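The values are calculated or read from the model by the stated rules, or taken from the named source; none is laboratory data. Every value quoted in this text rests on a predicted model; they were computed, and no experiment measured them. Neighbour counts run over all protein chains shown; Cβ positions are idealised from the backbone, glycine included. For the accessible areas, the whole protein counts, side chains as well, though only heavy atoms, and no ligand, DNA or RNA atoms are used. Shrake-Rupley method; radii C 1.70, N 1.55, O 1.52, S 1.80 Å.
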Amino acid sequence: MEITELFFIFLGAAVLVFYGGKLLLFSRMLFPKRWFPLPEAFFTSMGEWAVVTGASEGIGKAYAVALAERGMNVVIISRTKATLDQVAEEIGEKTGQRVKVIVADFSQDDIYGEIEKQLKGLSIGVLVNNIGVLPTFIPSKFLDSAELDTHEYRIFQRISRFGV
């Protein structure tokens, strides 16, 4: 073998190793669950219960189901008791986790004491604040609302006091 032949063999091997490493690093983005798996007890290590507001349908319901599937007991909060009871039954049957139902209308200011009483003593590790409360009924850009600081922030602060 000549020296040029050996040079090109080593150069090809170096290029192959370089791009193989790049492909391996790229696979970390394609398969993050394989590269960085969450431990089984990740969510429950923060607390036994998750509180999900706006959990009667849509994204809130999906959050409640997903957290229950990961081993957390779930407190679901929304306005309609009948829908909440259906969701609670569905989560209980599907996951076997405990589900607590709290009926609350977050447009009212006098509901927080009752929520606090019902959450008392629970080890809450996760809060999903998913309530859809508009600061005004007139269509406007959400962040331009004058009541934004008082209404949404106040709701979040009151909920987050309950052990989260």
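So, in the stretch 48-103, exactly how many residues are in a strand (DSSP E or B) and among the basic types (Lys, Arg)?
Qualifying residue count for the region: 1.
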Of (1) of a type in the set (Val, Ile, Thr); (2) open to solvent by less than 100 Å² (accessible area, probe 1.4 Å); (3) under 17 Å from the mean Cα position of the chain (by Cα), residue 103 satisfies every one except (3)
Given the conditions (1) surrounded by fewer than 10 Cβ atoms within 10 Å (Cβ to Cβ); (2) part of a loop (DSSP other than H, G, I, E, B), every one holds for residue 44 apart from (1)
Selection from the stretch 117-142 of residues surrounded by 12 or more Cβ atoms within 10 Å (Cβ to Cβ), at pLDDT below 85 and out of contact with any Ser or Thr (no Cβ under 7 Å at 6 or more places or on another chain) yields 134, 140
- Query: For residue 6, are the conditions met, namely being free of Cβ contacts under 8 Å to residues at least 60 places away in the same chain, open to solvent by less than 90 Å² (accessible area, probe 1.4 Å) and over 30 Å from residue 109 (Cα atoms)?
  - Reply: yes
